[in-house]
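The values are calculated or read from the model by the stated rules, or taken from the named source; none is laboratory data. All values derive from a computational prediction rather than experimental measurement. Note that we place each Cβ from the backbone using ideal geometry, even for glycine, and neighbour counts take in every protein chain shown. Only protein heavy atoms, including side chains, enter the accessible area calculation; ligands, DNA and RNA are left aside. Shrake-Rupley method; radii C 1.70, N 1.55, O 1.52, S 1.80 Å.
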Amino acid sequence: STCEAIVTIEDITAPECHAQDFSITLNQNGIRNINTSQIDNGTTDNCSEFTLELSTSSFTCADIGENEVILTATDASGNSSTCISIVTVSDVIDPKCNAQNISISLNQNGNASITPQMISDDSFDECGEVTLELSNDTFSCADIGDNEVTLFVTDQVGNQSSCSAIVTIEDKTNPICIIQDIEIELDSNGQGSISVDDINNGSTDNCDISLEISRSNFNCNDVGIQTVILTLSDSSGNS
């Protein structure tokens, strides 16, 4: 005679999870995604079907460095196991350098200075703050005209880019005219003359100046008070 029994086959063996470390670089938007195939390193199960899942699959600038990621393998019977991968996130994208041309005027001492913020035109990095530096930030009378200045933009991990701007140095300060009254005596021929140095009494300019007087020679017809004009002119046309 025969009889039947129910034999229930159970799978109680968890998959054998194997993970590998992985390195990624952020894109220009400061993000990067990974999938299980990049982390899995030959996970197996006694049966063929299983699924893989990551504890973290998306990374941003906040994750730069080493990150522990858990790979979970689950078979069709619900058995699961986990293993750990170290995902190293790097930022290798140079910051964006944007520069703008500017014009500045020399001060009364013939000097001028600028800051990187005056040159930068919204320079940025996808991962936050940047450091700004200039190849030259101080100017003098010798720099009147156009000067090429390089802006360096560095992000928090040392990536750097540069761009150039034209800094136009202008002198808009008039010379300061200081004169003195003088007396001269005509010679035996009834002639007399003066020079710029006789009239000038310490005139100054923030840059170099040239001095000229309206007249320098006198004769007997000029006996008395005569008006002489001292004109100061600098290289930028201020007078």
Original post:
From the list F50, F59, which residue is in contact with an Asp or Glu (Cβ under 9 Å, 6 or more places away or on another chain) and either on the phi > 0 side of the Ramachandran plot or aromatic (F, W, Y) (or both)?
Top reply: F50
Original post:
What single numbered condition from (1) under 11 Å from the mean Cα position of the chain (by Cα); (2) under 19 Å from V228 (Cβ atoms) fails to hold for I194?
Top reply: (1)
**OP:** Considering only residues that are buried (at least 19 other Cβ atoms within 10 Å of the Cβ) and over 25 Å from the mean Cα position of the chain (by Cα), look in segment 84-93 and name the one that is farthest from I24 (Cα to Cα).
**Re:** S85
Original post:
Taking segment 128-151, which residues are open to solvent by less than 30 Å² (accessible area, probe 1.4 Å) and either at pLDDT below 95 or on the phi > 0 side of the Ramachandran plot (or both)?
Top reply: G145
**OP:** Just need a number here: residues in segment 23-40 that are on the phi < 0 side of the Ramachandran plot and assigned to a loop (DSSP other than H, G, I, E, B).
**Re:** 6
Original post:
Any idea which of C61, C47 is open to solvent by less than 70 Å² (accessible area, probe 1.4 Å), closer than 28 Å to D155 by Cβ and in contact with a strand residue (DSSP E or B) (Cβ under 7 Å, 6 or more places away or on another chain)?
Top reply: C61
Original post:
Can you name the condition, by its number, that T168 falls short on among (1) surrounded by 13 or more Cβ atoms within 10 Å (Cβ to Cβ); (2) assigned to a loop (DSSP other than H, G, I, E, B)?
Top reply: (2)
Original post:
What is the number of the single condition among (1) under 30 Å from S113 (Cα atoms); (2) over 34 Å from the mean Cα position of the chain (by Cα) that I213 does not meet?
Top reply: (1)
Original post:
Which is among the polar types (S, T, N, Q), assigned to a strand (DSSP E or B) and either open to solvent by 30 Å² or more (accessible area, probe 1.4 Å) or over 30 Å from Q100 (Cα atoms) (or both), of T227, T173, T231?
Top reply: T231
Original post:
Of all residues in segment 176-204 being among the hydroxyl-bearing types (S, T, Y) and either free of Cβ contacts under 8 Å to residues at least 12 places away in the same chain or open to solvent by less than 70 Å² (accessible area, probe 1.4 Å) (or both), which is farthest from L132 (Cα to Cα)?
Top reply: S188
Subject >> Unique residue being assigned to a loop (DSSP other than H, G, I, E, B), open to solvent by 40 Å² or more (accessible area, probe 1.4 Å), hydroxyl-bearing (S, T, Y) and under 30 Å from C127 (Cα atoms) when the list is T13, T56 >> reply: T56
Subject >> Pairs where the first residue, in segment 205-219, is in a loop (DSSP other than H, G, I, E, B) and the second is hydroxyl-bearing (S, T, Y), C-beta under 6 Å, 6+ apart >> reply: N206/T173; S216/S193
Subject >> Pick from segment 98-124, criterion surrounded by 18 or more Cβ atoms within 10 Å (Cβ to Cβ) and assigned to a strand (DSSP E or B), ranking: farthest from the chain's Cα centre (by Cα) >> reply: A112
Original post:
Across segment 16-35, what is the total count of residues that are touching a Gly at 6+ places or on another chain (Cβ under 7 Å) and open to solvent by 90 Å² or more (accessible area, probe 1.4 Å)?
Top reply: 0
Subject >> Residue selected from segment 66-80 under the condition among the polar types (S, T, N, Q) and assigned to a strand (DSSP E or B), by the criterion farthest from A14 (Cα to Cα) >> reply: N67
Original post:
How many residues are open to solvent by less than 50 Å² (accessible area, probe 1.4 Å) and either touching a helix residue (DSSP H, G or I) at 6+ places or on another chain (Cβ under 6 Å) or in contact (Cβ under 8 Å) with a residue 60 or more places away in the chain (or both) when one looks only at segment 64-83?
Top reply: 5
